[in-house]
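Worksheet: one structure, shown below.
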């Protein structure tokens, strides 16, 4: 598994409040792959996000699904704080923040 594979899997993790995947939202700050081990640095839309633990659980689930022997670690960070401008153009369109 490489960082691109991990990113593709993370696109299946949908923020339940916004209905958009965490990669498109810009919530994934870093992906490190060392052998079969994967470390994710991510954030939530706010430090008080009620879905933070659920998002971490979904990230762990999608990365542990299938035939992989390595470990998965997820670190939630708030520096830099997430801002909607971190989302990609498709996510901004879905949020109605840029014209279609």
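Computed quantities for the displayed model
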item: Gain upon complete extension [residue 53, residue 78; 0.36 nm per residue less C-alpha separation]; result: 7.6 nm
item: Over the chain: Kirkwood hydrodynamic radius from C-alpha pairwise inverse distances, Å; result: 13.9
item: Contact order relative to length of the chain, as percent, for alpha carbon pairs under 8 angstrom and 6 or more apart; result: 30
item: Contour minus Cα-Cα distance for residue 8 and residue 29 (0.36 nm per residue); result: 6.1 nm
item: Inter-probe distance in nm under a simple model that places probes 7 Å from Cα toward Cβ, at residue 69 and residue 86; result: 3.5
item: Counting DSSP beta bridges with both ends in the chain, the antiparallel % (nearest 5); result: 60
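Bear in mind that the values in this text are calculations on the coordinates, not laboratory data. A quick note: this is a predicted structure, and the numbers were derived from the prediction, not measured. Glycine also receives a Cβ, built like all others from the backbone with ideal geometry; neighbour counts cover every protein chain displayed.
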